[in-house]
Amino acid sequence: GFRMLALGWSDGRSFLPLAFSLLGSAKEENRVFGAGDNDGRTSGGRRRKEAVMKTPEASLALLDSALANGVKADFLLFDSWFATNRFLHSVRTRRIHVIAMLKDFNSMQFLVKREDGTKKRMKLSGLYGKVNSVFGKKDILGSVLVEVDNGKNSPEPPLPVKVVFVRNRKRGAKREWLAILCTDTSVHDEESVRIYGKRWSIEVFFKACKSVLRLSKEFQTRSYDSMVAHTSIVFLRYMMLSFELRRSEDDRAYGELFCRC
């Protein structure tokens, strides 16, 4: 009955889960059982407060926890569900660049400069119309430099971002393109797409946890603390397997032989 939100780290080869949160409903009438431990000084109390947060707020809490523990990364990768103006600004205040998939939401709009110097708000589909008329038919259709603000009345300056349009190879798709956003405008289009492809490792992680490591299937309980403990044990199992895979199969673990080659 909980939604699991997870944050992981990857260098492109190995994936390690860093933190997670089991999210419930913010409405008390939708909960089957009460919270129990509401003491904010305990780990269980902090977990329960986190469980009733909104998903973007809980995501930032996981990110802050990882940064506080010394985790370093060049980019934060996430799906289109989190790609909103406010979330992008919140992540950038933590001095981390973002590469994310985009969807053509009404709430996600971009600022495009006109010839007279003024800025016009456009949806994602409008940006594609500008790019497609210039670039040829390749896997990467093109990119456009735009800005993302934090609301019409926000005092924060807009973020300069690059939106890269990629050909959608999925059969029967409604749109022939996919859009990837990068807050580091100096990164090349191909590199943005390549780095975002590394996000697939977290999908493999979810599949392995559910199918192989028996996440939520090993036992049944109605205790929130037990579910947190069970999820932690599953994540530790995956970390051990990931470490062993890195040690035994990754050519970068061959030490002096790899250095000489």
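Key figures for this structure:
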item	result
Gain upon complete extension [Asp74, Arg3; 0.36 nm per residue less C-alpha separation]	22.9 nm
Gaussian network model of the chain, Cα within-10 Å springs - most flexible of Asn106, Asn153, Asn168	Asn153
The chain - charge dipole about Cα centre, Lys and Arg +1 at Cβ, Asp and Glu -1, debye rounded to 20	720
Ranking by accessible area, most exposed first, for Met53, Met240 with a 1.4 Å probe	Met240, Met53
Of Lys49/Lys152; Lys123/Lys162; Lys72/Lys170, those spanning more than 23 Å from alpha-carbon to alpha-carbon	Lys49/Lys152; Lys72/Lys170
Dipole moment magnitude, nearest 20 debye, segment 152-258 about Cα centre, only Lys, Arg, Asp, Glu C-beta charged	740
Surface accessible to a 1.4 Å probe, per residue, for the residues of the chain, Å²	63
Inter-site label distance for Asp251 and Phe105 at 7 Å from Cα along Cβ, in nm	4.1
Helical contribution to [θ] at 222 nm, DSSP H n ≥ 4, -39,500 (n - 2.57), averaged over the chain, rounded to 500	-10500 deg cm²/dmol
Exposed-site-free run, longest, the chain (rule: GluC sites (Glu not before Pro); DSSP loop; at most 13 other C-beta within 10 Å)	1-114
Long-range HN-HN contacts of Phe2 with modeled amide H, under 5 Å	none
Relative contact order %, the chain, counting alpha carbon pairs below 8 Å whose residues are six or more apart	15
Arg222 versus Lys152: modelled label distance in nm, points set 7 Å from Cα along the beta carbon direction	4.9
Within a Gaussian network of the chain (alpha carbon springs, distance under 10 Å), most fluctuating of Phe110, Phe243, Phe235	Phe243
Cβ charges +1 (Lys, Arg) and -1 (Asp, Glu), total dipole of segment 90-233, debye	520
Amide H contacts of Val187 (H built 1.01 Å from N, under 5 Å, at least 5 apart or other chain)	none
Top of Pro17, Pro157, Pro56 by mean-square fluctuation, Gaussian network on the chain, Cα under 10 Å	Pro157
Positive dipole terminus of segment 2-103, leading residue within Phe82, His97, Met4 (C-beta point charges)	His97
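The values are calculated or read from the model by the stated rules, or taken from the named source; none is laboratory data. Note that the coordinates shown come from a computational prediction; the quantities given were computed from them, not determined experimentally. Positions of Cβ are generated from backbone atoms using ideal geometry, with glycine treated the same way; all protein chains shown enter the neighbour counts. Side chains are part of the model used for accessible areas, which takes the heavy atoms of the whole protein and leaves out ligands, DNA and RNA. Shrake-Rupley method; radii C 1.70, N 1.55, O 1.52, S 1.80 Å.
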